[in-house]
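J.: Following this message is one structure expressed as structure tokens.
The values are calculated or read from the model by the stated rules, or taken from the named source; none is laboratory data. In this text, all values refer to a predicted model and were calculated from it rather than measured experimentally. Every residue, glycine as well, gets a Cβ built from its backbone with ideal geometry; the counts of neighbours run over all protein chains shown.
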Amino acid sequence: MKLSLNREQLKFIAICSMVIDHVAWGFVEFYSPLGQFLHVLGRLTIPIMCFFIAEGFRKTSNLKAYIERMITFGIIAMIPFYIFFHEEYEYRTNFIFDLLFGLLALTVLESSLKKRAKVLLMILIFATSLLIGGWPITPTLFIIIFYYGRTFKEKVKWFVLADVATVLFLVVAILLNNVYHFSHYNWVWWDKFYQLGFILALPLLYCYNGEKGKPIIGRYFFYIFYCVHFLVLAAIKAIFVYPVGAFHIDLTAHILVLISIFILLVLTFRCRSSKEQSAVIFFLTSAEVYIFGFILEIISTSPDMFYLAILVEYFGEVMTFIGMIIFIKNLCKINVPLPIYMLQIVISLLIMFSILTTRINGFFYKSIGIDETGPFPRLVLEYGLGFYLTITYIGILSLWAAYVCIRTWKTGTELDKKRIKLTLIGICCIWFPYLLKLLGLTGGYEIPGLGILLVSICFYQILIRYGFLDSVTLASESALDHGTEGIVVLSPAYAIQYHNKQLDDIFGDIPHNTDLRKHPLLGDVLSGKTDTLTINNRIYEFRMETLKDNGYEQGHMLWIHDSTLHHEAIRQIREIATRDALTKLFNRVHYQDLINSHFSNGKKGTFLMMDMDDFKKVNDQYGHQVGDEVLCALADVFFEYSEDILIGSRLGGDEFSVFIKDETDTEKVSAIIQSIMKQYQNKLAELGYENYTSLSIGAVICDHSDPSQTDFATIYNAADKILYEVKQNGKHQFKLISLS
């Protein structure tokens with residue numbers, strides 16, 4: 001029985017293999033037997049992830065979001081990657097970027113660009129991968145092979161060939177380097193043989209059953225785990241392999257805070273637009289600046305570098321408190337006058353000015369020194385009046401925020417109280433690190449990043465977990481979600497600002513801020529190419545209106561209406577107006593219009609008039625139900641022909657007509673007439689009505705040189721006369737003449 005593995009199981013195997021490989025890089029001698037064995041086991045990751053990049057490209061509904069997600073997590077992973085790998089990889093990028101290069105290669109190859117542009121872009125991708133890729137070119141080749149291989153056997157053949165060729169190339173390059181020394185790496189000739197372990201992943205991929213499987217924790221688990229496991233391994237390495245001190249812990253902790261707040265910022269951007277979302281984004285962005293400035297302060301080795309660091313740090317800090325005031329204003333539904341914000345900006349500028357001039361007047365810092373007695377340089381500061389005034393100002397803002405929250409608590413709902421409770425915790429968290437320092441629990445080091453991270457988490461929780469949206473937004477969204485129409489609110493640049501759940505039901509999940517002009521279906525609607533779309537057998541109509549405020553364009557609103565029933569009603573009305581109720585053939589009026597339109601375009605054809613022989617006897621002897629079945633049997637014969645070749649009509653009673661488009665050859669027309677007569681008899685035999693009736697046909701070939709002299713009335717009269725002659729001469733036969 002064949003082993004069956006789904007996507008999540010294979011990715012879990014890839015994650016385990018990756019951890020084994022990185023443990024080997026961090027803690028085991030590379031050239032030892034154990035090191036080589038672990039590195040071979042660690043080669044399962046790259047082929048599996050490359051395989052699913054190819055699968056993801058084939059199945060994704062939003063390629064742009066896929067690429068943006070990989071870029072985002074590639075950037076996030078840079079710092080953890082370099083913390084762990086800086087000695088081995090130097091300037092090269094992490095594996096997420098290697099996968100990104102392969103995804104970009106498929107994007108280029110499958111695009112509509114001209115061949116020359118594709119060649120130039122592919123050269124650029126391969127060159128970039130070669131220069132900075134953690135695994136130069138190889139993952140890109142694997143992804144291309146997995147995507148374009150028609151069968152699994154073909155994928156295996158090209159994969160093995162690419163892997164072996166890469167290893168042989170590296171062996172030759174290493175041997176040449178030992179002679180000419182064009183690279184500083186001192187590898188032995190068999191150094192890269194462990195890369196043949198890539199082939200071990202192929203049997204596992206052969207067991208892939210095409211199923212997704214249940215996600216491990218979440219859809220972004222691999223990306224998040226990739227970043228986190230580097231930090232865990234780096235911490236273990238620092239503790240057990242290298243001596244680690246308070247300086248390293250402080251620096252690493254604030255780098256982690258910087259990454260964590262960035263992740264919260266990205267997640268907040270994906271929330272629904274509201275004033276509250278904007279306040280949280282403002283706060284988190286300011287917090288990022290603040291922590292970045294503090295990291296610069298930690299690594300400062302000179303007064304000049306320190307001045308730059310504290311300027312960035314304090315700018316971020318004062319902006320953070322402005323963001324906090326805006327957040328609390330919205331939370332507690334209070335009115336903060338504009339002059340208060342202006343006062344905050346003025347005070348912030350004064351703080352920046354006092355820092356810039358403190359070397360001259362000693363107002364913010366009386367003195368700045370550097371203690372170089374320890375293993376790392378450390379700043380020694382003597383605080384001035386400006387510093388204490390700044391702390392007092394921040395303290396006043398914090399007390400005001402706490403007062404407003406407590407006052408609102410008394411009259412708020414249960415949900416309001418939960419939000420305010422988290423806000424008060426966040427305000428306390430801002431001051432908690434300073435309390436620890438005053439108590440001497442941090443060894444003299446400042447840890448403001450801890451407080452900023454905790455308050456960031458609190459504000460994010462309030463926004464997401466407790467649905468902190470302004471009441472107008474909530475009421476509007478609730479009303480729109482309970483409507484029947486799909487609604488999309490767009491920015492002036494056509495980026496999605498809001499859409500109700502009906503849009504997701506129709507088109508699937510479309511991420512926030514997506515440029516709708518680039519959507520494969522809705523892009524045609526915005527460009528005016530179409531105003532209707534048929535999706536899953538439903539017909540949708542679209543209407544766009546521009547949103548204006550004081551004469552200025554603020555965006556657009558797209559309305560999506562399910563008009564399936566309307567179109568179905570129109571279709572039914574059209575069918576009633578143009579077709580015979582019993583046989584569903586065209587009625588006489590519409591049939592006449594079709595033929596006249598055909599001749600008016602200068603085209604030719606053959607007109608057949610036909611009558612059922614002795615049809616009255618069928619009704620009299622067998623009843624009208626049998627008569628109806630006999631009539632419908634002839635209609636079924638006509639329907640076996642495409643309307644591009646032949647159109648049929650019931651003119652009335654048992655009188656039928658057929659028009660053969662563009663055919664005027666006597667032999668071919670005769671063959672079609674004989675076929676119709678024979679098929680009709682076969683239909684009657686299938687129904688058990690054999691020899692009940694037959695057809696008499698009069699046919700007119702219309703190949704007149706002057707189409708203006710050919711019309712329905714003319715050919716109808718001519719065919720009717722011929723049909724009369726046929727019936728006089730014995731029935732169940734036909735006669736064919738030319739009208740020209």
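J.: In contact (Cβ under 8 Å) with a residue 12 or more places away in the chain and either under 25 Å from K421 (Cα atoms) or not hydrophobic (A, V, I, L, M, F, W, C) (or both), is that true of L311?
T.: no
J.: Within segment 404-427, how many residues turn out to be more than 23 Å from A287 (Cβ to Cβ) and not small (G, A, S)?
T.: Result for segment 404-427: 11.
J.: Now, a different point. Checking the structure you have, find out if any residue of segment 366-382 is modelled with pLDDT of 80 or more, surrounded by 12 or more Cβ atoms within 10 Å (Cβ to Cβ), of a type outside the set (A, V, I, L, M, F, W, C) and within 23 Å of I430 (Cα to Cα).
T.: Checking segment 366-382: not a single residue is modelled with pLDDT of 80 or more, surrounded by 12 or more Cβ atoms within 10 Å (Cβ to Cβ), of a type outside the set (A, V, I, L, M, F, W, C) and within 23 Å of I430 (Cα to Cα).
J.: Would you call G426 modelled with pLDDT under 80 and either exposed (fewer than 15 other Cβ atoms within 10 Å of the Cβ) or not hydrophobic (A, V, I, L, M, F, W, C) (or both)?
T.: When the stated conditions are applied, G426 does not pass them.
J.: Out of the residues in segment 649-703 that are of a type in the set (K, R) and surrounded by 15 or more Cβ atoms within 10 Å (Cβ to Cβ), which is nearest to K604 (Cα to Cα)?
T.: This residue is K661.
J.: Looking only at segment 14-36, how many residues end up being closer than 15 Å to F193 by Cα and not in a helix (DSSP H, G or I)?
T.: 3
J.: So is T546 hydroxyl-bearing (S, T, Y) and more than 18 Å from the chain's Cα centre (by Cα) or not?
T.: Considered against the rule, which asks whether it is hydroxyl-bearing (S, T, Y) and more than 18 Å from the chain's Cα centre (by Cα), T546 comes out as yes.
J.: Collect the residues in segment 110-133 that are outside any helix (DSSP H, G or I) and either surrounded by 18 or more Cβ atoms within 10 Å (Cβ to Cβ) or not assigned by TED's automatic domain parsing to the domain that holds F95 (or both), keeping them in residue-number order.
T.: The answer is G133, and nothing else.
J.: Search segment 55-66 for residues that are in contact (Cβ under 8 Å) with a residue 60 or more places away in the chain and assigned by TED's automatic domain parsing to the domain that holds T140 and pair each with any residue that is among the hydrophobic types (A, V, I, L, M, F, W, C) and surrounded by 13 or more Cβ atoms within 10 Å (Cβ to Cβ) when their beta-carbon atoms are under 7 Å apart and the residues are at least 6 apart or on different chains.
T.: Listed by first residue and then by second, the contacts come to F57/L103; F57/L106.
J.: Applying the selection to segment 681-704, what residues are under 19 Å from D720 (Cα atoms), of a type in the set (D, E, K, R) and over 60 Å from the mean Cα position of the chain (by Cα)?
T.: none
J.: Here is a list: T714, T710, T666. Which entry is in contact (Cβ under 8 Å) with a residue 24 or more places away in the chain, in contact with a Phe, Trp or Tyr (Cβ under 8 Å, 6 or more places away or on another chain), assigned by TED's automatic domain parsing to the domain that holds F607 and not hydrophobic (A, V, I, L, M, F, W, C)?
T.: T710
J.: Further question: With R69, R58 as the choices, which residue is under 17 Å from Y223 (Cβ atoms) and modelled with pLDDT of 85 or more?
T.: None of the other options fit; the residue is R69.
J.: Given the condition more than 20 Å from V40 (Cα to Cα) and assigned by TED's automatic domain parsing to the domain that holds P47, answer yes or no: does some residue in segment 161-171 qualify?
T.: There is no residue in segment 161-171 that is more than 20 Å from V40 (Cα to Cα) and assigned by TED's automatic domain parsing to the domain that holds P47.
J.: May I pose another question? Looking at the structure I just gave you, is R116 over 22 Å from L202 (Cβ atoms) and in contact with a helix residue (DSSP H, G or I) (Cβ under 9 Å, 6 or more places away or on another chain)?
T.: In short, no.
J.: A further question on this structure: Among the residues that make up segment 172-187, is at least one of them in a loop (DSSP other than H, G, I, E, B) and surrounded by 13 or more Cβ atoms within 10 Å (Cβ to Cβ)?
T.: Yes: one or more hits.
J.: If you don't mind, there's one more thing I want to ask. Does F57 fit the bill of being closer than 21 Å to Y206 by Cβ, under 17 Å from the mean Cα position of the chain (by Cα) and either of a type in the set (F, W, Y) or assigned to a loop (DSSP other than H, G, I, E, B) (or both)?
T.: Taking the combined requirement at face value, the residue satisfies it.
J.: Looking only at segment 395-411, filter to residues that are of a type outside the set (S, T, Y) and either crowded, with 17+ Cβ neighbours inside 10 Å or touching a strand residue (DSSP E or B) at 6+ places or on another chain (Cβ under 7 Å) (or both); which one of those is nearest to I355 (Cα to Cα)?
T.: Filtering segment 395-411 for residues that are of a type outside the set (S, T, Y) and either crowded, with 17+ Cβ neighbours inside 10 Å or touching a strand residue (DSSP E or B) at 6+ places or on another chain (Cβ under 7 Å) (or both), the one nearest to I355 (Cα to Cα) comes out as L397.
J.: Here's something else I'd like to know. Does T390 satisfy being modelled with pLDDT of 85 or more and under 27 Å from D250 (Cβ atoms)?
T.: yes
Per-residue answers, yes or no, for (1) surrounded by fewer than 16 Cβ atoms within 10 Å (Cβ to Cβ); (2) touching a His at 6+ places or on another chain (Cβ under 7 Å); (3) over 23 Å from N62 (Cβ atoms):
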position	(1), (2), (3)
I506	no, no, no
D509	yes, no, no
K518	yes, no, no
L522	no, no, no
T534	yes, no, no
Y540	no, yes, no
K548	yes, no, yes
R571	yes, no, yes
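J.: Among G26, G42, G35, which is buried (at least 20 other Cβ atoms within 10 Å of the Cβ) and over 30 Å from G508 (Cβ atoms)?
T.: G42
J.: Okay, moving on. Given the condition over 21 Å from I261 (Cβ atoms) and of a type in the set (F, W, Y), answer yes or no: does some residue in segment 323-340 qualify?
T.: Within segment 323-340 (the criterion being over 21 Å from I261 (Cβ atoms) and of a type in the set (F, W, Y)), the answer is no, since none of the residues qualifies.
J.: Could you check segment 286-308 and list, in sequence order, the residues that are in contact (Cβ under 8 Å) with a residue 60 or more places away in the chain, crowded, with 19+ Cβ neighbours inside 10 Å and among the hydroxyl-bearing types (S, T, Y)?
T.: The answer is Y290, S300.
J.: Which count do you get for residues in segment 600-631 that are surrounded by 18 or more Cβ atoms within 10 Å (Cβ to Cβ) and of a type outside the set (D, E)?
T.: So the answer is 13.
J.: Kindly provide the set of residues from segment 641-673 that are in a loop (DSSP other than H, G, I, E, B) and among the small types (G, A, S), ordered by number.
T.: Once the filter is applied, which keeps residues that are in a loop (DSSP other than H, G, I, E, B) and among the small types (G, A, S), segment 641-673 yields S642, G653.
J.: Any chance segment 481-497 includes a residue that's more than 28 Å from M324 (Cα to Cα), at pLDDT below 75 and part of a helix (DSSP H, G or I)?
T.: Yes, the conditions are met somewhere in segment 481-497.
J.: Got a sec? Which of L331, L356 is closer than 22 Å to F269 by Cα and of a type outside the set (S, T, N, Q)?
T.: Just a single option satisfies the conditions, and that option is L331.
J.: Could you identify the single residue in F315, F283 that is touching a Ser or Thr at 6+ places or on another chain (Cβ under 9 Å), crowded, with 20+ Cβ neighbours inside 10 Å and in a helix (DSSP H, G or I)?
T.: Going through F315, F283 in turn, just one is touching a Ser or Thr at 6+ places or on another chain (Cβ under 9 Å), crowded, with 20+ Cβ neighbours inside 10 Å and in a helix (DSSP H, G or I): F283.
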